[in-house]
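Only one structure is covered here, and it is reproduced in the block below.
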Amino acid sequence: MENLVNRAQLQSYYEGKKVLLTGHTGFKGAWLMAWLEELGAHVTGYALDPEYEACLYNLLKSGLKGKSIIADIRNRERVHETVLSEQPDYIFHLAAQPLVRRSYLQPTETFDVNAVGTANLLEAVKSLEKPCVVVLITTDKVYENKEQDVLYAEDDVLGGYDPYSASKACTELIIQSFRRSFFPVSSWHVHHKSLVSARAGNVIGGGDFSEDRIVPDIVRALRKEEPVLVRNPESVRPWQHVLEPLGAYLLLGGALHQNPEGFNGAYNFGPYPDDHLTVRELVNQSISSWGKGEWIDGSTANQPHEAKLLKLDISRAMRELNWKPKLNAADAIAWTINWYKQEEDLAAGYTIAQIKRYMEL
């Protein structure tokens, strides 16, 4: 089937449209802001200042034309004011505390940002008196993970061992509650709001400099010519390049704008079932793409729990959205490592080049 994540299709959805993007200073948010502007959208970002000076947003921001509002998603009044003043056609909600291990250190803040922050946004959408598509990004970790070799589908039981995963499962319940209480699909002709959640797997790509993420940890070690310290080398994840879920979010939002009563609920986005890698395989392929290096097992007996096995069923997205992955895991790793090989002053241009190349695949 033809993959609809191409320039012509996406421009038909977003060119000239007003988009509110929360979390635009984060890793995925910066990629998405650049892509939306490449499509001709008028983007307003809403997020905290970048956590790190060395980050993709700071590399890109001199070339970004959109408005940047630096504010907290937990500030209900500011969120409400922003939604009403910007009058968006689309909202992409990416603002979050996204790190599993940090959630053990900051559990209350994680729930506050991820769950209550989403409720703040959706309460503001209630006051918006115009049609609006809202795509809310959660995670593949919302499922009650039995760590068995099964593919989790959108109607499987929600859960979450660690505070991050549980906070995102709570977020899904909040989305479901707002949809049922205020934005039912059957009454779209009255409220004109469309809500959908997107659950993506483990994302890799250039420009991620976060702590406790495997690819940034790999790159930092390789640049210092030190061994890569690897936790849980046998854990299996649905790795995918950042452009895969972002393209899916854009396709989902556009399809919902075109047919607001045709899509609802949640959608999984990840690799094909036979394209899941262990952490060991990811690290080995990353080192091979870099050209040299080595790794050592840094697992410890008392480290915080992280899931060992997680796989997604993406058949609903393939069937209903005509979406499919473009890059396999090996391609995703090569695209990612090639980004980090660029000189810093070339990184912004290379980011746009990868976006353009991806739409041509």
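Overview of results
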| item | result |
| --- | --- |
| Failed criterion for Ala221 (all others in (1) surrounded by fewer than 22 Cβ atoms within 10 Å (Cβ to Cβ); (2) over 30 Å from Gly298 (Cα atoms) hold) | (2) |
| Any hit, region 88-101, residues being in contact (Cβ under 8 Å) with a residue 24 or more places away in the chain and over 22 Å from the mean Cα position of the chain (by Cα) | no |
| Looking only at region 91-123, and only at residues there that are under 17 Å from Thr138 (Cα atoms) and aromatic (Phe, Trp, Tyr), the one that is surrounded by the most Cβ atoms within 10 Å (Cβ to Cβ) | Phe92 |
| Output for region 264-295, where each listed residue is within 19 Å of the chain's Cα centre (by Cα), in contact (Cβ under 8 Å) with a residue 60 or more places away in the chain and surrounded by 17 or more Cβ atoms within 10 Å (Cβ to Cβ) | Asn264, Ala266, Tyr267, Asn268, Phe269, Gly270, Pro271 |
| Residue check, Glu53 at pLDDT 95 or above and farther than 24 Å from Glu77 by Cβ | no |
| Flag for Tyr358 being surrounded by fewer than 20 Cβ atoms within 10 Å (Cβ to Cβ), in contact (Cβ under 8 Å) with a residue 40 or more places away in the chain and hydroxyl-bearing (Ser, Thr, Tyr) | no |
| Of residues in region 146-160 being modelled with pLDDT of 95 or more and surrounded by fewer than 12 Cβ atoms within 10 Å (Cβ to Cβ), the one farthest from Pro271 (Cα to Cα) | Val157 |
| Boolean, Asp212 is over 25 Å from Glu343 (Cβ atoms) and among the acidic types (Asp, Glu) | yes |
| Residue satisfying condition, being of a type in the set (D, E, K, R), over 27 Å from Leu20 (Cα atoms) and in contact with a Phe, Trp or Tyr (Cβ under 8 Å, 6 or more places away or on another chain), within set Asp274, Asp297, Asp313 | Asp313 |
| Identity of the residue in region 1-50, among the hydroxyl-bearing types (Ser, Thr, Tyr) and closer than 14 Å to Gly253 by Cα, that ends up surrounded by the most Cβ atoms within 10 Å (Cβ to Cβ) | Tyr14 |
| Verdict on Leu346 being surrounded by fewer than 18 Cβ atoms within 10 Å (Cβ to Cβ), under 14 Å from Asp140 (Cβ atoms) and aliphatic (A, V, I, L, M) | no |
| Scan of region 77-123 for residues that are under 23 Å from Glu51 (Cα atoms) and in contact with a strand residue (DSSP E or B) (Cβ under 6 Å, 6 or more places away or on another chain), ordered by number | Thr82, Ile91, Phe92, His93, Leu94, Ala95, Leu121 |
| Residue count for region 190-214, restricted to those that are surrounded by fewer than 19 Cβ atoms within 10 Å (Cβ to Cβ) and modelled with pLDDT of 95 or more | 3 |
| Boolean, Ala248 is within 30 Å of Ser187 (Cα to Cα) and outside any loop (DSSP other than H, G, I, E, B) | yes |
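The values are calculated or read from the model by the stated rules, or taken from the named source; none is laboratory data. Everything numeric here is computed off the predicted structure, so don't read it as measured data. Positions of Cβ are backbone-derived with ideal geometry, glycine not excepted, and every protein chain shown enters the neighbour counts.
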